[in-house]
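Q: Got a structure for you, questions after.
The values are calculated or read from the model by the stated rules, or taken from the named source; none is laboratory data. Here the structure is a predicted model, which is why all the values come from computation and not from measurement. Every residue, glycine among them, receives a Cβ derived from its backbone with ideal geometry; neighbour counts consider all protein chains shown. SASA here: full protein model, heavy atoms, side chains in, ligands and nucleic acids out. Shrake-Rupley method; radii C 1.70, N 1.55, O 1.52, S 1.80 Å.
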Amino acid sequence: MCKKYSSLVNDEAKSSQTVCWPEVCWQHPHMIKSNPLYPTRSQLSAPETYTVDDALEAIGFGKFQWKISLLTGLSWIGDAMEMMILSILGPQLHCEWMLPGYQVALITSVVFVGMGISSPVWGNVSDRYGRKVGLTICMCWSLYYGLLSAFTPVYSWLLVLRGLVGIGIGGAPQSVTLYSEFLPVKARGICIMLIAAFWAIGAVFEVLLALWIMPTLGWRWLLGLSTIPMAIFVSFCFWLPESPRFDVLTGKREKAVATLTRIAKENGKAMPPGKMIAYKQNERGRIKDLFTPQYCSSTLLLWFIWFANAFSYYGIVLLTTEMFQAKIEPSCRLECKYLTSSDYKDLLWTTLSEFPVILVAVEYIGRKKSMALCFFMFSLFILPLYACIGRTALTIFIFLARAFISGGYQVVFVYTPEVFPTENRALAMGTCSAMAKLGALITPFVAQVMLRTSVNLTLTMYCGCSVLAGVASLILPIETLGRGLQESRFHQEDEGQTTTNSSSNDATHSAEQQ
């Protein structure tokens with residue numbers, strides 16, 4: 001295309017000037033104006049610009065993303081191990097310390113109390129001071145108190161220290177917030193689902209570690225060794241860069257460009273030409289912004305979906321060990337019994353269901369339908385547990401139910417960062433995580449206390465909650481499949497947009513408004 005645009009200001013005086021288009025050249029300026037491709041005067045004079053989205057699309061998925069996948073995955077492994085240990089620690093202390101059922105449930109619940117209280121706080125810290133800052137501090141906190149809990153002398157100290165561990169790992173979901181902001185749109189769904197595989201790796205590793213440690217060294221060594229992934233993360237967190245989206249939103253354009261340039265160099269790609277558009281937003285991480293007309297219904301529905309996910313997921317995890325301990329007879333009564341090698345092996349088989357099972361669905365049928373499918377299938381596979389079935393059948397149905405509810409958990413981790421803008425994305429993840437921890441806080445009293453009174457009532461609680469969550473998933477107002485991440489609530493994409501190519505004029509206008 002010819003670059004002779006500056007002479008078009010005076011059309012009549014410059015009527016002999018040639019302007020070339022991709023398909024045909026016109027000699028007459030009036031014919032140029034009638035062409036829909038004719039550039040406006042502002043477009044002719046404006047310098048070339050690009051957004052963070054444009055840069056990430058140009059850079060693509062490469063070596064850098066693989067590195068950050070491994071590093072953020074370590075925090076996810078540590079989180080999973082601290083969660084999985086609860087289903088192993090409870091039965092052990094129930095018999096070793098002769099604890100009643102409600103005290104066993106409290107060991108699990110205090111962790112979720114800490115997580116529920118701290119999750120919005122970590123979200124606010126991440127929105128105000130940076131994703132890297134929030135994630136690094138929470139991992140250091142979890143590592144410190146996780147190690148201390150291995151030396152706990154009595155039950156009361158165990159409750160306090162495990163509660164403090166819960167406060168730390170309440171910030172673990174911010175690893176997904178950070179990770180999602182480095183991904184191009186086409187890779188985001190699959191990559192976040194795959195990073196959820198690190199949770200599965202952590203859960204499986206915890207069961208294998210328990211199978212090796214518990215019969216010989218005991219639960220204190222298990223608590224101490226379970227902090228290894230967090231220790232590795234803390235050792236290498238200096239490499240972790242801050243999110244360029246966060247830097248742009250805080251006015252640190254040069255730092256964001258430097259980070260993106262570093263990523264491009266590692267991936268062997270070139271940065272887009274021109275100047276990056278900045279969306280500086282001083283008011284970040286405000287809870288009231290989650291309840292604007294644009295986001296209110298999404299916030300409330302997602303809070304319930306996260307609640308139901310955690311209630312059902314941790315419920316099936318705790319039910320696994322509780323029902324494996326059951327003395328299989330017509331009354332299906334439960335009694336105190338140490339977990340055996342056979343129990344750990346069956347627990348391992350059910351934990352393998354954690355690996356992502358709906359990778360294809362999330363990218364083809366969408367986020368909403370994928371979540372709904374997972375909830376409905378979970379309910380379906382819970383139904384056979386109403387009968388006092390044999391151990392093999394019990395293992396199979398628990399495996400299938402856990403596979404689908406963990407899949408739903410993975411999809412909601414993909415969906416939530418895509419709905420909310422960068423200015424309060426971490427806070428949205430934090431508040432949603434807090435609602436999840438409320439569900440996780442309640443579920444021990446259902447799976448470990450109510451189960452001893454009525455198996456059928458316990459299973460009905462889980463089935464009913466998951467069916468309602470499936471309906472809530474279908475009525476969410478936004479489908480985020482193929483949708484680019486928003487930088488600010490003022491920077492809105494067109495309704496129904498399914499590509500990442502945003503208009504430079506709209507972006508510039510949004511930047512000027514702010």
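Q: Is it the case, given these coordinates, that Leu148 is over 18 Å from Arg425 (Cα atoms), modelled with pLDDT of 90 or more and in the same structural domain as Phe236 (by the TED database)?
A: So Leu148 fits the description; yes.
Q: Scan Phe233, Phe205 and give me the residue that is modelled with pLDDT of 85 or more and under 27 Å from Phe399 (Cβ atoms).
A: Selected residue: Phe205, the only one of Phe233, Phe205 that is modelled with pLDDT of 85 or more and under 27 Å from Phe399 (Cβ atoms).
Q: Under 8 Å by Cβ, and 6 or more places apart or on different chains, what pairs join a residue from region 151-179 that is over 30 Å from Pro421 (Cβ atoms) with one that is modelled with pLDDT of 90 or more and of a type in the set (Ser, Thr, Tyr)?
A: What qualifies is Leu161/Tyr145; Leu164/Tyr145; Val165/Ser142; Val165/Tyr145.
Q: Residues that are open to solvent by 50 Å² or more (accessible area, probe 1.4 Å), without any contact (Cβ under 8 Å) to a residue 40 or more places away in the chain and of a type outside the set (Lys, Arg): which helices (runs of 4 or more DSSP H) entirely in region 212-274 hold 3 or more of them?
A: 253-267
Q: Out of everything in region 388-407 that is open to solvent by less than 10 Å² (accessible area, probe 1.4 Å) and either in a loop (DSSP other than H, G, I, E, B) or at pLDDT 85 or above (or both), what residue ends up being nearest to Pro477 (Cα to Cα)?
A: Ile405
Q: If Leu183 passes every condition in (1) within 22 Å of Trp239 (Cα to Cα); (2) part of a helix (DSSP H, G or I) but one, which one does it miss?
A: Failing condition for Leu183: (2).
Q: Within region 482-499, is even one residue at pLDDT below 85, in contact with a Phe, Trp or Tyr (Cβ under 6 Å, 6 or more places away or on another chain), open to solvent by less than 10 Å² (accessible area, probe 1.4 Å) and in the same structural domain as Phe381 (by the TED database)?
A: no
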